[in-house]
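Notes follow the structure.
The values are calculated or read from the model by the stated rules, or taken from the named source; none is laboratory data. As the structure is a prediction and not an experimental result, all values here were calculated from the model. With ideal geometry, Cβ positions are generated from the backbone for all residues, glycine too; neighbour counts draw on all protein chains shown.
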Amino acid sequence: MGNPQLWLAPLIPFGAAPFRESKLSCSCAAPERCAHPAAYLWPVGQSARRAWTGGCPLWKVVQTMLGTRESDRKSWRTLAWTYQTMNTIPKCLTHAVVGGKNAVMSASITSAHGFTSRIAHEVNAIRYEDLSPQVLARARHVLLDWLGAAIAGSVEPAGRIAQSIAVEADCRPVARLVGTNLSSSPREAAFANAVAAHALDFDDSSMWADGHPSATIVSATVALGEAMRSTTAQVVEAIVAGLQGQVRIALATGPSAYDKGFHGTGTYGTFGAAGACARLLGLDAEGIERAYGLAATQAAGLKISFGTMGKHLNAAKAATNGMLAAQLAKKHFTAPLDAIEGRQGFAWTQSTSFDRERPQQVMGDRLAIESILFKRHACCHGTHSTIDGIAQLRALNSFSDDDIAGTRLIVSDKMLDICCIADPTTGLEGKFSVRHAASLALAGFDSGPDSFTDERVHDPRLVSLRNRVEVDPRPDRPLNGPTRVVVNLTSGKQLEAEVDVFEPATDAELPAEWDALVTKFEALATPIIGGSRAQDLVRRIARLDPDCPIDQLLGLQDGN
C-alpha cells in the first residue's frame, strides 16, 4: 500500500467509545468497531481504547507512527487535514482529526471538497442576455403560474393568516402582498406570498428540485425585486440562477433526505431563494457561497406537515430564510464556505447519498428551469397519475359508480409517506390522499380547488367510491413513475391504465403549455381580481418586457 503516511490519518490516538451507527464499511476484521462516520469519538481512557483497537489489524501500524507528545499529535492532525482536503485518503479510511476529537467522514462527502464554491460560481455566471428564447418562455410560464396560484391562495385561510402576520411587523411597506392592497417589508411579503402560492398545492413542482421551487424562489425574488425597483430581466435572471443552484444541491444530496422525512421545498428551497436573492443583490461568487452557508444552517422542513398548513410554512420559511441569508451575506456576515459538503454541514447531517457528480449526470447541458412541471390538479403531484389514468379509462369506457367493484392503485412504496392519507377529514388532507383523488376521478368530478374542501372529502358518494379504492405499494416501482390504475367492474371486466405525469414540456410543446397555463390562470385569478384585470396581466407577462419594473409587470402596484 506504499508509504502509510500518504494515506492513513490517525485512528483514535486517545481511545474512544463505540459509535452510534455505520454508513461506511472498512475492510478490517472488526468493522463494527472502526467504521462509524458522522460522530465524534471522545477520549474515554485506556480500557476503551483497547476494546476499540483490539480487532483492527491497522492499529499496530498506527501505534508505531503515533507519538505521545502533543507536538506529534498536532502534526498528525495537520497531515490528516491536508490529505483529507486533497482527497488522497482511501474511501474506507477518511478520518479527520480536529481539536483533539476524531471523526470519520464518509468518502462521498470528503470527495465533494469545493462543491459549494463550484455551484456558487455557476450561479454567478448566469446572465439574462445568454438565456435562449425557449428558456425565457419557460420563465414566462413560471411567473404566470406562480402569480395565479398566489392570487388564488391569497384568500385561503392560510393566506389570510400569513397576511395578518406580515402586516403586524413594524417595517417599511415596500413590497406588496399578492392579491391584496397590503404591503410590508420584502421578507414579510415573501413569507405571505409563499404561503399563498403554496396554499392550494396548485403551484409548480420539479423532480430535480425535489419540491415546489417557485413558491420559494419567485416569492422571495419578486418581493425583494419590488423593493429594489428591479427590472423584469434582473428578476428573471435571478430566478433562473437561483433555481439552477437549488437543483444542483438537491440532486447532489440525493433521495435519502426526502426518504427520511425532510421536505425538499423547505430545505432545498432555502438555497434556491438564497441564490436568487444573492444575484439580485449583486453578490459575487464568494458572496453567494456565504449566502449558501447561511442558508444551510436555516434549511428545514418536515414531511409530517403534509395535509396541514405546516406544509405552506415550509415554503414560506424557505423564502424568507433564503432572502435573509443573502441580505446578511451582502453585509459580509461570515459563514462557512463549505456548509453544504463540509463536515457537520448540510449534506453530512441530512444525506447518506451525497454525490457531487449526480447533478451533471442527470442534467447534462440542460438548465434547471427545464425541469419545471405545472399542475393541472390542485393536489399533491403524486396523485396526478392516478387522476389522469382513471380519466383516460372513463374516456374510453362507459361505467357508473354501481359498475365499479373495486379500484387498485399500484404505486411506489415511497408514496405511503407522501400522499396516502387513507381517510381524509379535511380538504388539506384530501390533497394528500390518492384514494380521495381516485374517487374524484371515478365520479368524473373536477380536480380543481373546489374538489379539495372539508365538505367534499365527506361527500357520501365520494366516500363510497373511496372505500372501494385499494393502494398497493410496491418497492420495485419508482417514485417518479406512473401509477398503474386497475379498475375492476362488476361484469368481470378489468380496465388498466398508466399515465406518466413527470415529464416536463419539450421546447416544441411550450406554446400549448402556455395556452393551458393561461386557462388555468384566468380560472384562478378571475374570481378574485376580475376577468379584465386577469387578461391584462396575461398580456403583460406574455410580452415579458425585460426593462419593465417587476412590480409593473405583475401588477403589484395595483394590488393585482
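Being aliphatic (A, V, I, L, M), part of a helix (DSSP H, G or I) and modelled with pLDDT of 95 or more narrows it down to one of Leu136, Leu79, so name that one.
Answer to the selection: Leu136.
Regarding the stretch 530-537, can at least one residue be identified that is outside any loop (DSSP other than H, G, I, E, B) and either within 30 Å of Asp210 (Cβ to Cβ) or in contact (Cβ under 8 Å) with a residue 60 or more places away in the chain (or both)?
yes
Of Val142, Val123, which residue is under 21 Å from the mean Cα position of the chain (by Cα) and closer than 30 Å to Arg343 by Cβ?
Val123
Return the total of residues in the stretch 538-560 being surrounded by 22 or more Cβ atoms within 10 Å (Cβ to Cβ) and part of a loop (DSSP other than H, G, I, E, B).
2
Can you pull out every residue in the stretch 368-420 that is polar (S, T, N, Q), in a helix (DSSP H, G or I) and surrounded by fewer than 18 Cβ atoms within 10 Å (Cβ to Cβ)?
If the condition is that a residue be polar (S, T, N, Q), in a helix (DSSP H, G or I) and surrounded by fewer than 18 Cβ atoms within 10 Å (Cβ to Cβ), then Gln392 is the only one that fits.
For Ala223, only one of the following conditions fails: (1) more than 26 Å from Ala199 (Cβ to Cβ); (2) more than 14 Å from the chain's Cα centre (by Cα); (3) among the small types (Gly, Ala, Ser). What is its number?
Among (1) more than 26 Å from Ala199 (Cβ to Cβ); (2) more than 14 Å from the chain's Cα centre (by Cα); (3) among the small types (Gly, Ala, Ser), the lone unmet condition for Ala223 is (1).
Is it the case that the stretch 236-248 has a residue that's closer than 18 Å to Gly345 by Cβ, at pLDDT 95 or above, crowded, with 24+ Cβ neighbours inside 10 Å and out of contact with any Asp or Glu (no Cβ under 8 Å at 6 or more places or on another chain)?
Within the stretch 236-248 (the criterion being closer than 18 Å to Gly345 by Cβ, at pLDDT 95 or above, crowded, with 24+ Cβ neighbours inside 10 Å and out of contact with any Asp or Glu (no Cβ under 8 Å at 6 or more places or on another chain)), the answer is yes, since at least one residue qualifies.
Might you check whether a residue that is over 22 Å from Ala149 (Cα atoms), exposed (fewer than 14 other Cβ atoms within 10 Å of the Cβ) and either at pLDDT 95 or above or aliphatic (A, V, I, L, M) (or both) occurs anywhere in the stretch 443-451?
So far as the stretch 443-451 goes, yes, one or more of its residues are over 22 Å from Ala149 (Cα atoms), exposed (fewer than 14 other Cβ atoms within 10 Å of the Cβ) and either at pLDDT 95 or above or aliphatic (A, V, I, L, M) (or both).
For the stretch 421-446, enumerate the residues that are under 21 Å from the mean Cα position of the chain (by Cα) and part of a loop (DSSP other than H, G, I, E, B).
The answer is Lys431, Phe432.
Which residues, taken from the stretch 270-288, are over 12 Å from Ala125 (Cα atoms) and of a type in the set (A, V, I, L, M, F, W, C)?
Phe271, Ala273, Ala274, Ala276, Cys277, Ala278, Leu280, Leu281, listed by residue number.
Among the residues of the stretch 159-181, which ones are in contact (Cβ under 8 Å) with a residue 24 or more places away in the chain and either surrounded by fewer than 17 Cβ atoms within 10 Å (Cβ to Cβ) or part of a loop (DSSP other than H, G, I, E, B) (or both)?
Ile161, Ile165, Val174, Val178, Gly179, Thr180, Asn181
Go through the stretch 434-493 and give me each residue that's among the hydrophobic types (A, V, I, L, M, F, W, C) and touching a Pro at 6+ places or on another chain (Cβ under 6 Å).
Val457 - this is the single residue of the stretch 434-493 that is among the hydrophobic types (A, V, I, L, M, F, W, C) and touching a Pro at 6+ places or on another chain (Cβ under 6 Å).
Is it the case that Val195 is closer than 17 Å to Ala139 by Cα and part of a helix (DSSP H, G or I)?
So Val195 does not fit the description; no.
Working only within the stretch 447-495, note down all residues that are part of a helix (DSSP H, G or I), touching a helix residue (DSSP H, G or I) at 6+ places or on another chain (Cβ under 6 Å) and free of Cβ contacts under 8 Å to residues at least 40 places away in the same chain.
Within the stretch 447-495, Asp454, Val457, Leu462 qualify.
Yes/no matrix, rows are residues, columns are (1) part of a loop (DSSP other than H, G, I, E, B); (2) over 28 Å from Ile421 (Cβ atoms); (3) among the β-branched types (Val, Ile, Thr):
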{"site": "Phe271", "(1), (2), (3)": "no, yes, no"}
{"site": "Glu289", "(1), (2), (3)": "no, yes, no"}
{"site": "Ala300", "(1), (2), (3)": "yes, no, no"}
{"site": "Lys311", "(1), (2), (3)": "no, no, no"}
{"site": "Asn314", "(1), (2), (3)": "no, no, no"}
{"site": "Lys317", "(1), (2), (3)": "no, no, no"}
{"site": "Thr334", "(1), (2), (3)": "yes, yes, yes"}
{"site": "Gly342", "(1), (2), (3)": "yes, yes, no"}
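Out of Glu168, Glu237, I need the residue that is of a type in the set (D, E, K, R) and within 25 Å of Leu136 (Cβ to Cβ). Which one?
Glu237
Taking only pairs six or more apart or across chains, which ones have beta-carbon atoms under 8 Å, a first residue in the stretch 258-269 that is in contact (Cβ under 8 Å) with a residue 60 or more places away in the chain, and a second residue that is part of a strand (DSSP E or B) and surrounded by fewer than 23 Cβ atoms within 10 Å (Cβ to Cβ)?
Gly261/Leu302; Phe262/Leu302
Take the residues of the stretch 146-173 that are hydrophobic (A, V, I, L, M, F, W, C) and over 27 Å from Gly531 (Cα atoms): which is modelled with the lowest pLDDT?
Taking the candidates together, the pick is Ala169.
Have a look at Gly301, Gly322 and point out the one that is on the phi > 0 side of the Ramachandran plot, under 20 Å from the mean Cα position of the chain (by Cα) and assigned by TED's automatic domain parsing to the domain that holds Thr232.
Result: Gly301 is the single residue among Gly301, Gly322 that is on the phi > 0 side of the Ramachandran plot, under 20 Å from the mean Cα position of the chain (by Cα) and assigned by TED's automatic domain parsing to the domain that holds Thr232.
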